[in-house]
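Some notes on the structure that comes next.
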There are 2 protein chains.
Amino acid sequence: MTSQSLAPVLDHVDATLDTALERLMALLRIASISTDPAYKHACDQAADWMVQDLRSLGFTAQKHPTTGHPMVVAKDQGAGGLHVLFYGHYDVQPVDPLNLWHRDPFDPAIEETPAGTVIRGRGAADDKGQLMTFVEACRAWKAVHGSLPVRVSMFFEGEEESGSPSLVPYMKDHASDLKADIALICDTGMFDPQTPAITTALRGLAKLELEITGPDKDLHSGMYGGAAINPAHVLARILADLHDDTGRVTLNGFYDGVPELTNAQAEQWDALGFDAAGFLGGVGLSVPAGEQNRSVLEMIWSRPTCEINGMNSGYTGAGFKTVLPSKASAKVSFRLVGTQDPDAILRAFDAHVQARLPADCSYEILDAEGAGATTMPIDHPAFEAARQALSDEWPRPAAFIGCGGSIPIAGYFQTLLGMDSMLIGFGRDDDALHSPNEKYDLEAFHKGIRSWVRILDALSRV
Amino acid sequence: MTSQSLAPVLDHVDATLDTALERLMALLRIASISTDPAYKHACDQAADWMVQDLRSLGFTAQKHPTTGHPMVVAKDQGAGGLHVLFYGHYDVQPVDPLNLWHRDPFDPAIEETPAGTVIRGRGAADDKGQLMTFVEACRAWKAVHGSLPVRVSMFFEGEEESGSPSLVPYMKDHASDLKADIALICDTGMFDPQTPAITTALRGLAKLELEITGPDKDLHSGMYGGAAINPAHVLARILADLHDDTGRVTLNGFYDGVPELTNAQAEQWDALGFDAAGFLGGVGLSVPAGEQNRSVLEMIWSRPTCEINGMNSGYTGAGFKTVLPSKASAKVSFRLVGTQDPDAILRAFDAHVQARLPADCSYEILDAEGAGATTMPIDHPAFEAARQALSDEWPRPAAFIGCGGSIPIAGYFQTLLGMDSMLIGFGRDDDALHSPNEKYDLEAFHKGIRSWVRILDALSRV
């Protein structure tokens, strides 16, 4: 069911796509690299640009200073009813290595490619192009009908690519100002170019660095080898023991709180026809390497993992040095699902190390931190409404999917503001996020705007 | 038994120590760093200095060009009888990090330290100071008696610190020119500052780099973690399995050719009163970590080992990247004893990896090479003669000892020239070889010269 007011808004989007693109290009030209202090002014400029653009739409919009880059908060009463808070970020990743770009990352352009027309430039997909899909949808509603079908707040940060140091303090201080009925987050992708998606399960992340020390200095392996403990061997054994022969993680209590897929989820995921062979083949692999008797989608969306992300000991340069190293270290992370407790898992890791530590070795666990998984309650009627709206726009019906990665903001909305999030985005796997030659498909931008137009309409009736 | 001709030679050494030191200082001032092409001229200069000094002694001495740095060969007929070939190297290690030296490494000086008087400078111990102990002993014999008590050849290379690329080709081409009855090598240390030593067992060395490849690029551990094989885990398991719980190496056939200590050796080593607690305590350890039921001296002198010398995978910088690495690599080396076959051990390692390699992983073994252990036949009468001569000079009787490290030249003398070696040196554990502030004790230099004077005398009677 769609309202009669919808069609003219969609038509307006189609008719004004060029001017929408011009605005996106203007925003992309601002080099708002948040992690590099040299671009502090550009970040401020991007925040100002957002404020000005939102005011031109009739939103009350403010720039709020933080100890880092400013927040932008904008509000429009709309037709009342459901109140949504849209989140995005106006900052972008650094552009190194610059020589791999085929054009200036901050001189964006529309390019024709064999795979279609794309918007090329840093931030095209992450997240300026995505956030503007929502802004332009609001603009079209206002242009055609003078008002939005629901109450809309927007919340943009400028530190997402640099660890969001100001985000939690700001959200705590402005909780009542930010609280809405549901959050909308446009920083994810489609299931595939035909199939839109609402991401409803985000894995959590616990991570740490383990450093084992044996002798108090690097030794000559000829003089000491055989008598002195070698921390690289100790580390190898500790890491090797993290999984059993069936691919399961051996930490005590690791699977506490890991739910099995419901039949409904399993059926829906099966129906997606995920190309596991293509997914693995794209990176040179052919055999799922995780837990036995699990599908690849389960492995990456709904099962927890333990991965070594880095490992370092002794001499690693060219040639050979017969050093018996004093230290060996590894960076290890866990993707978490369900109600797995990150603190309990970090404690279990510590116990795992202690149990395997031989005499004369000491260990340190550095930078340990974790956040649990986030699962959205898809029984909230907004989810079904949005799914229908997306299905109306795209060739294939929308799917509720999982996401192997972690998007902390969704967790913060739950824990700090008591608000669930709908993660809806139009990115594609080949967008080159964080990499040279980032792009956003013109179709993603255009149909993304149309998707939000439809979703706003659908939400007005939940 | 010593000859009547010995005492005046020893007196001459004592009386002329200052001029001997001046010559050593002149040699130390030449920055003959063999690994750095910028010092090629200095290496040549050091070779010229050696030639000139040996000619001044009445030796016929020649510089022989190679594709790298030149060889120096010198000969003196002496009294005939036993023919010894003395080996040393005139090149030195680089001096980085220069800021840790308390003086210019090539402006040597005599320094008073709490532990005694030392000669400070790059090469003071390794190997210029050591090789000059022999040259000065020859000089004293010639000065007092006009001739040497035995026939002496000398052979100096300038590439010992840079892998000796020219050594084997040169030895093969000049085998008949270099062949003597026995080789003398002065590039080792004393057992302790009171106890001189002849090193009669040198461990061999086999080494390799193992590189495991999983996915064809680094992956995002959120997107792929759980489904994609992680080569760091594979490497950890392969390395962890190299030893069993009793510290023994698990490679198939690894202990083939490993002899047990003879009772005589065991008794002699026991009599040395080796301070295992002090040895380990000096590097922050307290418990021997190798094979069970072996003494520390056995572990480092007569047992084979397998050590990880380096390990590298994924992100190892500051902070954290949730990368699932494409590659993981380790540098592994084996110290070999008895008649262990390095090639068989490298093959066994390869089989060990293959047996543990999961689907979708490939591996490469790079830079694999090995040389077996060298054991000297101490029943040759020269060994007992030299041991007696050393025992006459020093506070404690000389010992036949093992050496955990590898000195390839001794093996080459055996295999290429059919000649055994007596490894006699006066270095101490704290000489800081290859490190900043290298030194050689003045006592080591002085009594080292006197030791060779005695050994030459003793060898004239075997």
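The sole residue among A:L205, A:L239 that is within 27 Å of A:G425 (Cα to Cα), in contact (Cβ under 8 Å) with a residue 24 or more places away in the chain and at the interface with chain B (Cβ under 9 Å from one of its Cβ atoms) is A:L205. For the range B:210-230, residues that are facing chain A (nearest Cβ under 9 Å) and either surrounded by 21 or more Cβ atoms within 10 Å (Cβ to Cβ) or under 25 Å from B:C403 (Cβ atoms) (or both) total 12.
The residues of the range A:287-308 that are out of contact with any helix residue (DSSP H, G or I) (no Cβ under 6 Å at 6 or more places or on another chain) and at the interface with chain B (Cβ under 7 Å from one of its Cβ atoms), listed by number, are A:V287, A:A289, A:M299, A:I300, A:R303, A:T305. For the range B:380-399, the condition holds for no residue, the condition being that it is within 14 Å of chain A (Cβ to nearest Cβ), closer than 21 Å to B:L456 by Cβ and surrounded by 21 or more Cβ atoms within 10 Å (Cβ to Cβ). When the range A:342-373 is filtered for residues that are acidic (D, E) and crowded, with 18+ Cβ neighbours inside 10 Å, only A:D360 remains. If the condition is being assigned to a strand (DSSP E or B) and among the small types (G, A, S), then the range B:85-116 contributes B:G88, B:A109, B:G116. B:L235 passes every criterion in (1) buried (at least 24 other Cβ atoms within 10 Å of the Cβ); (2) modelled with pLDDT of 95 or more; (3) under 21 Å from the mean Cα position of the chain (by Cα); (4) over 30 Å from B:K63 (Cα atoms) apart from (3).
From the list B:E22, B:E111, the lone residue that is of a type in the set (D, E), in contact (Cβ under 8 Å) with a residue 24 or more places away in the chain and in the same structural domain as B:G189 (by TED's automatic domain parsing) is B:E111. Among the residues of the range A:309-327, those identified as within 7 Å of chain B (Cβ to nearest Cβ) and part of a strand (DSSP E or B) are A:N309, A:G310, A:M311, A:N312, A:S313, A:G314, A:V323, A:L324.
Results for (1) assigned by TED's automatic domain parsing to the domain that holds A:V135; (2) among the basic types (K, R); (3) part of a helix (DSSP H, G or I), shown as yes or no for each residue.
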{"position": "A:L346", "(1), (2), (3)": "no, no, yes"}
{"position": "A:L357", "(1), (2), (3)": "no, no, no"}
{"position": "A:S406", "(1), (2), (3)": "yes, no, no"}
{"position": "A:L423", "(1), (2), (3)": "yes, no, no"}
{"position": "A:A444", "(1), (2), (3)": "yes, no, yes"}
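Among the residues making up the range B:241-294, those that are assigned to a loop (DSSP other than H, G, I, E, B), surrounded by fewer than 13 Cβ atoms within 10 Å (Cβ to Cβ) and small (G, A, S) are B:G273, B:S286. If the condition is being surrounded by 14 or more Cβ atoms within 10 Å (Cβ to Cβ), under 25 Å from the mean Cα position of the chain (by Cα) and not β-branched (V, I, T), then the range A:55-73 contributes A:K63, A:H64, A:G68, A:H69, A:P70, A:M71. Annotation note: Cβ proximity below 8 Å between a residue of the range B:300-311 that is touching a residue at least 24 places away in the same chain (Cβ under 8 Å) and a residue that is among the aromatic types (F, W, Y) and buried (at least 24 other Cβ atoms within 10 Å of the Cβ) (sequence gap 6+ or interchain) occurs for B:I300/A:Y224; B:P304/B:F334; B:T305/B:F334; B:C306/B:F334; B:E307/B:F334. When the range B:401-417 is filtered for residues that are crowded, with 20+ Cβ neighbours inside 10 Å and either away from chain A (no Cβ under 12 Å) or without any contact (Cβ under 8 Å) to a residue 40 or more places away in the chain (or both), the ones remaining, listed by number, are B:I401, B:I409, B:A410, B:Y412, B:F413. Being within 19 Å of A:H89 (Cβ to Cβ), β-branched (V, I, T) and in contact with a Cys (Cβ under 7 Å, 6 or more places away or on another chain), is that true of even one residue in the range A:422-429? Yes - at least one qualifying residue is present in the range A:422-429. Taking the criterion of being touching a Lys or Arg at 6+ places or on another chain (Cβ under 7 Å) and within 29 Å of A:D245 (Cβ to Cβ), the only residue of the range B:335-356 that qualifies is B:R356.
The values are calculated or read from the model by the stated rules, or taken from the named source; none is laboratory data. Bear in mind that the values here come from a model prediction, so they are computed numbers and not experimental data. Cβ sites come from the backbone with ideal geometry, for glycine too, and all protein chains shown count toward neighbours.
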